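The values are calculated or read from the model by the stated rules, or taken from the named source; none is laboratory data. What you are looking at is a predicted structure, and each value in this text was computed from that prediction instead of being measured. Heads up, the Cβs are rebuilt from the backbone with ideal geometry, glycines too, and the neighbour counts pull from every protein chain shown.
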Amino acid sequence: MSSKLLAVRCFRMGFAVMAALATGLFDFTEARAANSCPNTIVMPTGVGIGTASDVTTLNLLLSSSLYSTEAAELLYPLPLYVDPNAQIDYSRSIYAKIAPNSDGTSYVVTLHPRLWSDGVPLTADDFFYTYQLMMALGTNYTNYGVGGIPNLIKKFTVLDPEHFQIDLTQKSNPTWFTLGGLASFWPFPRHIWGKYSADEVFEHQSDPDFFRVVYGPYKLETLKLGRYASFIPNPLYPLHKPTQRLVIKFVESDGEALQGVQSGEIDLANLPFSVFEIGRNIKDTYLVHPTPPLIDNNIGVNFDDTSSPYFHDVRVRQAMEDAIDQKAIIKAALHGQGLENYNLVPPRPAVFNSPDARAGKFPVGFDPAKADALLDAAGYKIGPDGVRTNKDGVKIAITLLVASNQEYRIAMAEMVQREFLAVGIKLTIKQIDFNQLLATIFSNVAPWQAYLIGDTFGGYPSGELLYKTGGVENFGHYADAKMDRLIQENITEPGEQGLYNYEDYGAEQQPVIFLPLEIDTVLTHGDIAGVEQLNTPDTGWYPQYLNVKCHAGQ
């Protein structure tokens, strides 16, 4: 899954949200009509992670959207359950044991007994089928290469129905391959899907009937593209079973979702920062801070842009970070709901942070005087127009792309704009459609200098896709031989030191300019419990832990 897409925070706030909260109109009878039983939980996608959006596919190998992945994983959950401290809980996983050899070139995986929803046993051969399907799809598999899957697999061997062995082409750090690779190796039913070609599987990615045989806590009841999806409990699921039917409503805005919570038609939704004080006072609701995913916010810069040679100078990049007052951004743009971040590895959960990061020791931080000194040393002096220029007439003038519907990121950008100007950097903010922004940085369909977006890191923040030379999500074309070496050591050598070396060097390098992290808040109806268990750091989504009493009047 593209980490850029996983990091979407398309908050539609401001006057639109306030107007929606002020009105009492919300039509949700259509999704409710399928089952009038009060034992139904209604929620949008993205609760605890990002703004709601539609579900467009239920095939996890083809999903490039966090929201489609969330829905599909209700049917085919992640085979590893990662708890809020980023530790594996095998009792909640499909895997019963993962045994690497001494150098991480071979892994034997033991499975817990599981049944498909049609009663057929789930076996190691279903994982082998997934591997074959990944290879047949090639780069159409949207997670291709993540955690070394499937490109580093030398041989996949089914040992017996409950065991399989994966041999790799190189040695590996077991933590990286387990959390980054095996954790998202979903099994699919060979006895159902195996009769289709890879092209036919692709064609059926939005066909509800194709996804009737599942192993997760839910079975698909209905998928109405652009409207809603409904799910019912899977009676053969052996772990924590949901007690309610689940409806995922595809809302058009956060205002619509909040209006639904206010009216009682939606049970829980994200609370936008701009209306935090208004939302927290909605009657018969309470607030929950769910387990946050591994995610950051950053200004990505284009090292290949010929008009911006200054991006190649680490002193300029450090000065950009030193010019930013993250505390002020948290207070104003995030309404106090945020954390400072200067590192390649987000500060939550802290288990992945180096000793220096945990102690808050970074080579950068808000210091305008230091920023001025670094820019002077780099040869950029403040000109008559207040913008720094070098001896060749190159001005540090940057156009920043920001998605037009991401209100809190626009607020961030406007604060950065003022802080940059104070040290002689001119920043022009260009708001564009989110999909256009993605097309621009993904495919370079138009020239660009910088963008403001976010990244998520799945189960392990190793960085090979984002910051290694030629990485598939290294959209700014950052290239540094030492960074490449540290990333390679991180993914091949056991232990945590490789990760620590990589992230500490990244804090010095600033391959992107880091911004504060938001702390998401979920506005929850008073009769809903279990929200604290909804999310996990690897963007897992577990609504089966939610519980709801009957709504009054139903």
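Values as computed for the structure displayed
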item: Helices (runs of 4 or more DSSP H) within the range 240-336 that include 1 or more residues within 24 Å of residue 218 (Cα to Cα) and not assigned by TED's automatic domain parsing to the domain that holds residue 391; result: 254-263
item: Pair list, Cβ under 7 Å, 6 or more apart: the range 138-162 residue over 20 Å from residue 461 (Cα atoms) and assigned by TED's automatic domain parsing to the domain that holds residue 114, other residue in a strand (DSSP E or B) and among the aliphatic types (A, V, I, L, M); result: 153/166; 153/168; 154/168; 156/166; 162/111
item: The one condition in (1) touching a helix residue (DSSP H, G or I) at 6+ places or on another chain (Cβ under 7 Å); (2) surrounded by 20 or more Cβ atoms within 10 Å (Cβ to Cβ) that residue 70 fails to fulfil; result: (1)
item: Every residue from the range 171-199 that is closer than 30 Å to residue 490 by Cα and among the polar types (S, T, N, Q); result: 172, 173, 175, 178, 184
item: Yes/no for residue 437 being buried (at least 21 other Cβ atoms within 10 Å of the Cβ) and assigned by TED's automatic domain parsing to the domain that holds residue 307; result: yes
item: Candidates 536, 521, 469, filtered to the one that is surrounded by fewer than 19 Cβ atoms within 10 Å (Cβ to Cβ) and of a type in the set (Ser, Thr, Tyr); result: 469
item: Residue within the range 402-413 that is crowded, with 16+ Cβ neighbours inside 10 Å, among the hydroxyl-bearing types (Ser, Thr, Tyr) and either in contact with a Gly (Cβ under 9 Å, 6 or more places away or on another chain) or outside the structural domain of residue 310 (by TED's automatic domain parsing) (or both) present; result: no
item: Filter pass, residue 441 being β-branched (Val, Ile, Thr), under 17 Å from residue 311 (Cβ atoms), in a strand (DSSP E or B) and in contact (Cβ under 8 Å) with a residue 60 or more places away in the chain; result: no
item: Checking residue 547 against (1) under 23 Å from the mean Cα position of the chain (by Cα); (2) over 21 Å from residue 303 (Cβ atoms), the condition it does not meet; result: (1)
item: Candidate set from the range 256-274 (those that are touching a Gly at 6+ places or on another chain (Cβ under 9 Å) and of a type outside the set (A, V, I, L, M, F, W, C)); member that is surrounded by the most Cβ atoms within 10 Å (Cβ to Cβ); result: 272
